[in-house]
Ligand SMILES: Cc1cc2nc3c(=O)[nH]c(=O)nc-3n(C[C@H](O)[C@H](O)[C@H](O)COP(=O)(O)O)c2cc1C
């Protein structure tokens, strides 16, 4: 909990304002801040506390450029046409949706310019079940929240997985390790703001699917 009078916005404000920050400055980020983000990541739970996670911190411009070409291909050829042909997410205005698409396009064009990437990975056989990723995404969310708390922007991206083999080869992953995201991190060009989500009434039920959730009910 934030102490009265401190500048710490407090956990709930951090959660409510951790949105995807896709426009980043190329300015370097001190290693100490990256270390704090990684420390937050490894506080997350993992199945059996096995901690099979591995985190690749990528700063090398050539490596980022090579991987970014695959990310951009996935956006240009697959994701962008699909989003542009589709409707905004429920409750999202056409204007907000089009701003999101513009920001996503910007990220696809500039992802290699983010000063630091964190690539969260899991060691072990590829897991095609519903458990896939369940021991790494809690760490990812901790890192997104930590970046926000430190005034750094980040986005959870997965588009590189369309070219998983190519990107993992150029990042030097061994056969038994797999990447689950790329988090481009840097100082944000825009401001943090509240996330846009459906109201609880649309997504929460009580006791039985479909029954409205009402406080005190
Ligand atoms: C599993 C997952 C994959 C995502 N992959 C991408 C991605 O590849 N590129 C991207 O720009 N955003 C990606 N996002 C970010 C979402 O688009 C974003 O979180 C969502 O639109 C809500 O916006 P907000 O984070 O600004 O609140 C991903 C998010 C999740 C949870």
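The values are calculated or read from the model by the stated rules, or taken from the named source; none is laboratory data. These numbers come from a predicted model, not from an experiment. Using ideal geometry, Cβ is built from the backbone for each residue, glycine included, and neighbour counts are taken over all protein chains shown.
Structural remarks
- Each residue in the stretch 147-163 was checked for being under 17 Å from the mean Cα position of the chain (by Cα), away from the ligand (no atom under 11 Å from the Cβ) and on the phi < 0 side of the Ramachandran plot, and 4 of them qualify.
- Set 67, 40: member being within 16 Å of the ligand (Cβ to nearest atom) and surrounded by 15 or more Cβ atoms within 10 Å (Cβ to Cβ): 67
- Answer residue from the stretch 92-114, given it is more than 10 Å from the ligand (Cβ to nearest atom) and under 18 Å from residue 26 (Cβ atoms) and is surrounded by the most Cβ atoms within 10 Å (Cβ to Cβ) among those: 114
- Boolean, residue 124 is more than 25 Å from residue 7 (Cα to Cα) and surrounded by fewer than 16 Cβ atoms within 10 Å (Cβ to Cβ): yes
- In the stretch 193-217, the residues that are farther than 24 Å from residue 12 by Cα reach residues that are not in a loop (DSSP other than H, G, I, E, B) with C-beta atoms within less than 6 angstrom, at least six apart or across chains, in these pairs: 211/205.
- Candidates 74, 80, 67: the one that is part of a helix (DSSP H, G or I), within 15 Å of residue 107 (Cα to Cα) and either modelled with pLDDT under 95 or touching a strand residue (DSSP E or B) at 6+ places or on another chain (Cβ under 9 Å) (or both) is 67.
- Number of the condition not met by residue 55 [criteria: (1) under 25 Å from residue 152 (Cα atoms); (2) outside any helix (DSSP H, G or I); (3) touching a helix residue (DSSP H, G or I) at 6+ places or on another chain (Cβ under 8 Å); (4) within 16 Å of the ligand (Cβ to nearest atom)]: (4)
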